[in-house]
1. With θ set to phi - 60° and the Karplus curve 6.51 cos²θ - 1.76 cosθ + 1.60, what are the ³J(HN,Hα) couplings of the range 4-16 in order, to the nearest whole Hz, using x for Gly and Pro?
2. In a shell of Cβ-Cβ distance under 11 Å around Tyr38, excluding Tyr38 itself, what net charge do Lys and Arg (+1) and Asp and Glu (-1) give?
3. For labels at Leu66 and Leu11 in the simple 7 Å Cα→Cβ model, what's the distance in nm?
4. Say each of Val48 and Lys31 gets a label point 7 Å from the Cα, pointing the same way as Cα to Cβ; how far apart are those two points in nm?
5. Could you give me the ³J(HN,Hα) list for the range 50-62, computed from phi with Karplus coefficients 6.51, -1.76, 1.60 and θ = phi - 60°, whole Hz, x at Gly and Pro?
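Nothing in this text is a laboratory measurement; each read-out follows from the coordinates by a stated rule. Because the structure is predicted, anything quoted here is derived from the model rather than measured. Backbone-built Cβ (ideal geometry, glycine too); neighbour counts: all protein chains shown.
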Amino acid sequence: MAKKQEPNEYLNDLKEWNEHQYDPGYWTGGKLAPFFKYGFNYQPSRFVSASISSIGLLFVQSVGNLIDGTPVFCVTPGLP
């Protein structure tokens, strides 16, 4: 029975990595692990992580400003 192929080559390589990551000598024959083959930038979740981090930083800043007594977004009147 043939293995089920995923629509994305990265997923196929990741599945192979999961099956053979602890086999001694499996990755020494010129095969590369998916994170080396495709690079570390292939993770679309980085955008989500950066967005959540920036929202968290804005929240911490606004709480700090509320405790300090300064307005959260200080707009000086008269400036464009």
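1. The phi angles translate into 6, 8, 7, x, 10, 5, 4, 5, 4, 5, 5, 5, 5 Hz.
2. On the way: positive: Lys37; negative: Glu9, Asp13.
Result for the local shell: -1.
3. The two pseudo-label positions are separated by 4.2 nm.
4. The modelled label-to-label distance comes out at 2.8 nm.
5. Values per residue, Gly and Pro as x: 5, 5, 5, 5, 5, 5, x, 5, 5, 5, 5, 5, 5 Hz.
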